[in-house]
1. Using a 10 Å cut-off around each Cβ of peptide A:135-144, what is the average number of partner chain Cβ atoms that fall inside?
2. Provide Rg over Rh for the protein assembly as shown; use the alpha carbon set for both Rg and the Kirkwood Rh (inverse mean inverse pair distance).
3. What is the Cα centroid distance between segment A:166-193 and segment A:70-104, reported in whole angstrom?
4. Quick check for you: which residues of segment A:243-268 have the amide N under 13 Å from the point 7 Å beyond the Cα of residue A:56 toward its beta carbon?
5. State the Cα centre-to-centre distance between segment A:6-34 and segment A:273-329 in whole Å.
6. Could you tell me whether segment A:189-362 comes out rounded, prolate or oblate from its Cα gyration tensor? Rule is a ≥ b ≥ c as square roots of the eigenvalues, rounded for a/c under 1.5, then prolate if a/b exceeds b/c, otherwise oblate.
7. Please give the helix B:321-333 orientation as an angle from the longest Cα principal axis of chain B, in degrees from 0 to 90, rounded to the nearest 10.
8. What nm value, rounded to one decimal, do you get for the distance between residue A:314 and residue A:352 when each label is placed 7 Å out toward the C-beta?
């Protein structure tokens, strides 16, 4: 890996975002100066404008634009809110601070900017993401949820207090939280040859105990259920910057299948963003067919499970391949199972047998 | 702090638990050998046997005992389950492996041991805790939930792969997960003079950004809502082994107040255990009176909130002091607020003003 200076990378990134925000403000000033009502235009995120892009393997926004103009009395509120948010984002980035979505909502009150509730401010934050075509994490607004990572990867921080400091992510076997500092750290060095993401802390711990990171030269990620955006962003970076293949292992139910799908193809909610998907990632289990093959203990699928499976069958992301096949088997057997169910064969079976067989199988996926 | 050899500590602890388990098995063999039906007797955890101990400041079990005898046909099932679980625990401890509650449930099927569902196996795990008077973590059964820690504390691992290795918990600013490895690590060295626990990841990150761990010489803990048992155990250890006072900061609502209370006095569910409470810990906010004093943005309390406050008023743990007073104010103002609400005064206000004032106030609590 070519070595870079993390201080200058951090500075460059900050400059880029600040420049984008400055242009937004400059445009507003220019329009006012030339006697025009200032406005923002950006792609609509309404359902009718969300289309599936089979090449990118993700949802994207189509051609319909929306406008927020200071000249339209109905637009004045969202126009002003967006402008305020850009100001708030500029402050965060300039001062090297982070904020949660919740913090952003309450911060508006400091400037007597009105949001009815957090849902409204979240919506405007997504507007700003769309206008800038950048994830809110780039302008330092993070979600609450945190997931974890473990493995032989040396990182170098770019956040203010820690810039230039290094850490190897194999020194704490319970795992490192993936928060703002880790999300923005540079990758310095790794011996890893793949990434294995699992949806549960207990399985993550099991994998560490069984030395999966050594046996498979893997970086382990715990997505803690549906992977938070910062985790999907991290998986994307591991895949793109380090050229590591990504494998995802979930519970054997339709929600598990969808956790894998969102890592691979993203969500409709994030159709306005790139860099949150890993199109080449592979879902290696627990498949419906594994439930049958390994005679796993199961629970019956609920009506809601069945309905969800039927919905997903029509979802364009689920077109063909393992996705349709496994949904069909779920609907046929009407049973679901969990990663822990392999404990029926002893605690280590999931690593010594199941993971091994699935990683063999994955080569031909 | 006196230095110990973490390898021998780990060995000693393991030996102790194995000895307790061995005695349990030996007793069963002895009873069979002498022609008696083997049995276990332990304190009942039924509501009528849970009493509040004002000295310990926590719920404890009273004098009623229950028996599980192989000579009673109704007892054979729970007797056998308990015996199997002791066998499973022995295996975990001997082999240096950990398990989740869920894993334990599925593992039973390896030996054709029957549990209707996980609720039943969880119940038997609690029985074994009561019999041994040891938390399940000591026999290596951990919950799924993980919270986080950050600060100047050097630890030394006692888990197999990492035994003897050291780590300073201030090297990753997003925080270290508190899992099985950290829970069982030895504390080697710290410059900290207190522990500050907060209930939210976002506030934890804010505190790190604002260098609270330096300004207050504090170890920061993110409880992620209601503190998981491993986190309460960690807080207890920081308090007991390092003599550090513990301060808890929660949202300004009855659930926040109760999060603090459970750290201090534990839960009725854990009345059969010690070492999970920090009786001297202080709840420093957000109080109902702070909501008024700081003119925080609020939401109305729901009917459920009001009912909960009325329940807690009768709870013996809430007798007197700040506990009753703040419940009364909640019930009077019928409003609740959150830690993030301080962002109304700017992102750093919570540290530069609120925390500062509360820590002054805490001296006289």
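1. Working: counts 0, 0, 0, 0, 0, 0, 0, 3, 2, 7.
Taking the mean over all residues of the peptide, I get 1.
2. Details: Rg = 27.1 Å, Rh = 27.8 Å.
We get a ratio of 0.97 for the protein assembly as shown.
3. Using only Cα atoms to place each centre, the spacing works out to 32 Å.
4. Within reach of a label on residue A:56: A:265-268.
5. For segment A:6-34 versus segment A:273-329, the Cα centre distance is 43 Å.
6. On the way: a/c = 1.92, a/b = 1.09, b/c = 1.76.
Oblate, because a/c is 1.5 or more while a/b does not exceed b/c.
7. Approximately 60 degrees, to the nearest ten.
8. 4.7 nm
Throughout, read-outs are computed from the coordinates displayed, never taken from laboratory work. Values in this document were obtained by computation on a predicted structure and should not be read as measured data. Heads up, the Cβs are rebuilt from the backbone with ideal geometry, glycines too, and the neighbour counts pull from every protein chain shown.
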